[in-house]
Amino acid sequence: MGLLDLAGQFLGDNQGGGDTKAQLLNAAIGMIQNQPGGLQGLLGKFQESGMGDHVASWVGNGENQPINADQVQQALGSEQVQALAQQAGIPAEHASGSLAALLPELINHLTPNGQVPQEGGLQQGLSGLLGKFLS
C-alpha cells in the first residue's frame, strides 16, 4: 500500500474529508520539519522509547513494522500529539491512532534508499509528498 492510499484510509470517510486528511499529513510533515534534529530527531524519540527495531524497519527496505496509538503517545508525548491534532483539526483521541498508521509509511517514503536524507533532500521529499497528495 502506498502512502497516498494509506492517507486516504487512516481517517476513514466518516471522520473527515480530503481537507482533514491533507491537514493531518501536513501537520505530520510540519512535526518532522520542526522536530529538533528533523527526521533523525523524530526517529530518535521512537528509538529511545524502545522501538529501535520498528524504526529500522521503516528506514530499511523491508516490510514496515506497525505501531499503535499507545506507542505514539509514549514516544512523542501527549503534548506533541495534542498540538498535532489541533493543527490538523481532528480530535486528540484520534491523532495517536492516525499517526500510528501514517508515520511508518511516511518515514518509509522519506527514506527510499534505506538512509535518512540530509536536510535538503528531506525538504524536497516532504514537499513532493504533500504536492502529490494535494493534486
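The values are calculated or read from the model by the stated rules, or taken from the named source; none is laboratory data. Nothing here was measured: the structure is a model prediction, and the numbers come from that model. In this analysis, Cβ positions are derived from the backbone assuming ideal geometry, glycine residues included, and neighbour counts consider all displayed protein chains.
Would you be able to say whether some residue in the stretch 74-82 is under 14 Å from the mean Cα position of the chain (by Cα) and assigned to a loop (DSSP other than H, G, I, E, B)? Break it down stepwise before answering.
Of the residues in the stretch 74-82, the ones under 14 Å from the mean Cα position of the chain (by Cα) are 75-76, 80-81.
Going one step further and asking which of them are assigned to a loop (DSSP other than H, G, I, E, B), we end up with none.
No, there is no match, as no residue in the stretch 74-82 is under 14 Å from the mean Cα position of the chain (by Cα) and assigned to a loop (DSSP other than H, G, I, E, B).
Is the stretch 60-73 home to any residue that is among the β-branched types (Val, Ile, Thr), at pLDDT below 95 and crowded, with 16+ Cβ neighbours inside 10 Å? Break it down stepwise before answering.
Keep residues of the stretch 60-73 that are among the β-branched types (Val, Ile, Thr), which gives 67, 72.
With at pLDDT below 95 added as a condition, the list becomes none.
No.
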